[in-house]
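Every read-out reported here was derived from the displayed coordinates using simple, explicitly stated rules and does not represent laboratory data. From a predicted model like this one, the values you see are computed outputs, not experimental measurements. Here the Cβ is made from the backbone with ideal geometry for all residues, glycine too, and neighbour counts use every protein chain on show.
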Number of protein chains: 2
Amino acid sequence: MSETNGRPIVLVAMGGHAFIQRGEKGDIRDHEKNAVGICASLMTLIERDYNLVVTHGNGPQVGNLLLQNELTQDNVPSMPLDVLVANTEGFLGYVLQQALLNHLRGRQIKRYVVTMITQVLVERDDPAFQNPSKPIGPFLTQEQAEERRDRLGWKILDDAGRGWRRLVASPRPVRVVQRLMIRDSARAGHIVVACGGGGIPIVRRQADNDYEGVEAVIDKDLTSSVLAAEIGAELLIILTDVPQVYVHYGKPEQKALGAVTLEEIERLQAEGHFAKGSMGPKVEAIVNFLKAGGKRGLITSPARLADAMDGRAGTHFIGKI
Amino acid sequence: MSETNGRPIVLVAMGGHAFIQRGEKGDIRDHEKNAVGICASLMTLIERDYNLVVTHGNGPQVGNLLLQNELTQDNVPSMPLDVLVANTEGFLGYVLQQALLNHLRGRQIKRYVVTMITQVLVERDDPAFQNPSKPIGPFLTQEQAEERRDRLGWKILDDAGRGWRRLVASPRPVRVVQRLMIRDSARAGHIVVACGGGGIPIVRRQADNDYEGVEAVIDKDLTSSVLAAEIGAELLIILTDVPQVYVHYGKPEQKALGAVTLEEIERLQAEGHFAKGSMGPKVEAIVNFLKAGGKRGLITSPARLADAMDGRAGTHFIGKI
């Protein structure tokens with residue numbers, strides 16, 4: 001058992017799109033500015049004396065690295081997807097830790113910040129590998145896509161007239177390899193950035209049981225729920241661009257959810273209220289966390305986080321007390 | 001004071017070229033294979049019951065990212081050098097931690113491995129910023145180089161007929177921002193990869209004292225000596241491609257050094273035995289470490305590390321007992 005300062009751990013997950021606002025081109029200034037904004041809202045958790053772990057997506061960032069790979073394949077060795085995820089963990093972890101450190105220093109709060117490069121184990125026989133469904137990287141011509149299919153073994157998809165794309169598997173996260181160091185650093189009061197991009201996907205190699213990277217993408221919300229349970233977090237917060245979760249979303253009878261029990265949210269899930277590509281995995285991640293023994297979940301926007309922590313905004317999910 | 005398992009910490013530094021052997025093109029298979037080889041040699045330190053911190057350079061890897069930036073600048077936002085260093089910390093940290101974990105698992109040794117994204121503070125008024133001297137990135141035509149000088153404020157250099165290159169500053173490392181987490185994780189027995197590429201260079205911004213990244217390169221050996229002193233390492237090992245340090249290197253009277261005291265090595269330094277671009281900074285790093293209270297330094301090759309730890313190879317540097 002490691003030392004702990006006795007404070008509860010909160011894990012906060014945000015998307016890779018949080019670093020690039022609508023209309024921005026996603027250069028480093030955009031990333032820095034948006035990180036400063038999000039991290040300002042995270043300070044409410046520090047002021048409330050939580051130990052803090054931050055996870056994040058990397059969709060647009062890893063997309064840019066895949067495009068660079070494509071465009072420079074004759075000049076620079078192309079790196080596989082697991083390595084590109086590792087690159088974005090370094091990049092976005094740095095941007096986040098710089099913003100966090102500056103907010104802490106500005107408030108004269110003596111807490112440390114560190115990003116941990118995180119491998120996440122998935123099962124080699126996860127059915128997702130039989131049926132890759134996640135489109136990644138740039139749009140290609142049919143000829144380009146078929147050339148890569150034949151040369152590199154890519155699965156490819158004709159994406160509704162917009163062009164051809166590569167498809168990769170999105171297997172379920174099983175275990176976060178660095179969970180112990182993440183937990184111990186968080187317990188000591190350090191702010192830890194981890195599991196960027198959902199984590200670097202690795203499997204056990206059949207021949208020798210060694211770890212090896214796989215070209216896949218793990219959903220960052222699902223990884224966050226696994227990590228939250230592993231490190232004994234009390235609260236899992238998923239930040240998104242809407243302040244609350246809705247039932248009958250986009251219909252006249254649309255209604256925001258203020259607080260729901262585990263039982264209620266499972267019923268609403270079963271009724272199909274939460275869209276697969278957007279709110280679905282976030283709700284699923286919270287449900288998984290509560291079923292694994294987590295006490296509380298929260299989905300809200302960065303702007304409403306402080307109010308949500310006062311019980312005045314967001315959608316709250318109630319697990320065991 | 002954090003928990004410690006009582007074992008001494010050894011810090012091992014290696015170059016970015018260690019991941020790419022002569023004649024290799026530097027793809028991921030080359031990186032993985034060479035990491036497996038180097039990490040096999042590091043296992044001798046685990047078997048000797050040291051706590052282990054690993055640092056590494058990133059020259060060829062960050063060079064490839066700079067080239068990708070150049071070639072795709074019309075399609076993808078170019079990232080500044082500090083961000084590219086962060087990318088390589090993720091990339092090479094992942095490759096190292098995977099190789100280390102597999103060696104540990106193969107030997108049934110229960111130790112954990114984590115890479116920490118590391119910022120390193122440098123002085124804004126370091127004289128290196130007035131006189132950028134480190135050539136980085138691809139060779140350019142004169143026209144390309146001058147366009148970037150005018151548009152981006154680059155310092156440029158006509159590199160002896162081979163083409164034009166960008167010059168950046170190589171300031172001295174002052175402090176490793178994540179030193180406390182690196183030390184505590186190492187003391188707990190976890191293997192920590194840190195300070196990749198010499199660390200992400202940051203300064204305090206004049207306006208508000210905030211941290212901000214700078215486009216510079218910090219010598220990885222000098223950063224390693226600063227970190228080794230900060231975390232109370234007993235031993236600093238610098239791995240390179242020669243088994244020992246030589247005086248009169250390349251001359252008929254060339255002689256390998258087996259063991260030298262701090263006093264002796266400072267005399268040899270003053271006599272100019274160690275070349276600026278190669279052995280000079282390595283010897284300087286060891287000397288700095290010993291002067292800061294370090295007990296022992298060692299320069300050798302990965303292949304001779306185990307023998308060197310038996311006192312049968314390498315060049316040993318003796319500080320205070």
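Quick notes on this structure:
- Assigned charges on the beta-carbon of Lys, Arg, Asp, Glu; segment B:1-56 dipole about Cα centre (debye): 160 debye
- Given charges at Cβ of Lys, Arg, Asp, Glu: the protein assembly as shown dipole, positive-most of B:ALA194, B:ALA303, B:LEU104: B:LEU104
- This model, with +1 at the C-beta of Lys and Arg and -1 at the C-beta of Asp and Glu, gives segment A:166-272 a dipole about its Cα centre of some 160 debye.
- Hull volume in cubic angstrom per residue (convex hull over the Cα atoms of the protein assembly as shown): 172 Å³
- Annotation: average projected area of segment B:53-137 is 7.6 square nanometres, based on the convex hull of Cα atoms across all directions.
- Restricting the calculation to Cα atoms, segment B:1-103 shows an Rg/Rh of 1.06 when the hydrodynamic-style radius is the Kirkwood one.
- Scaled radius of gyration (Cα, divided by 2.2 N^0.38 Å) that segment A:209-275 gives: 1.48
- Each Cα pair under 8 Å and six or more residues apart adds its sequence gap; the mean of these over the residue count of chain B is a relative contact order of 21 percent.
- Relative contact order for segment B:1-160, counting Cα pairs under 8 Å that sit 6 or more residues apart, in percent: 22 percent
- Kirkwood's formula applied to the C-alpha pairs of segment B:219-317 gives a hydrodynamic radius of 13.4 angstrom.
- Isotropic mean projected area of the C-alpha convex hull, chain A (nm²): 18.4 nm²
- Once the Cα gyration tensor of segment B:135-294 is diagonalised, semi-axes √(5λ) in Å: 31, 26, 13
- In this label model, A:ASN5 and B:GLU264 are separated by 4.8 nm, measuring between points 7 Å along each Cα→Cβ vector.
- Centroid-to-centroid separation of segment A:95-163 and segment A:1-58 [C-alpha atoms, Å]: 18 Å
- Label sites at A:LEU152 and A:GLU24, each approximated as a point 7 angstrom past Cα along Cα to Cβ, lie 2.8 nm apart.
- Label-to-label distance, nm, for residues given as B:GLN254 and B:LYS110 (7 Å Cα→Cβ offset): 4.9 nm
- Percentage relative contact order, segment B:230-321, counting C-alpha pairs under 8 Å, at least six apart: 41 percent
- With its label point put 7 Å out from Cα toward Cβ, A:GLY293 sits 4.1 nm from the same residue's point in the other copies, in order from shortest.
- Normalised alpha carbon radius of gyration of segment A:106-194 [divisor 2.2 N^0.38 Å]: 1.63
- Chain A comes nearest to the axis taking it onto chain B at the Cβ of one residue; that residue and its distance, in whole Å, are A:GLY90, 1.
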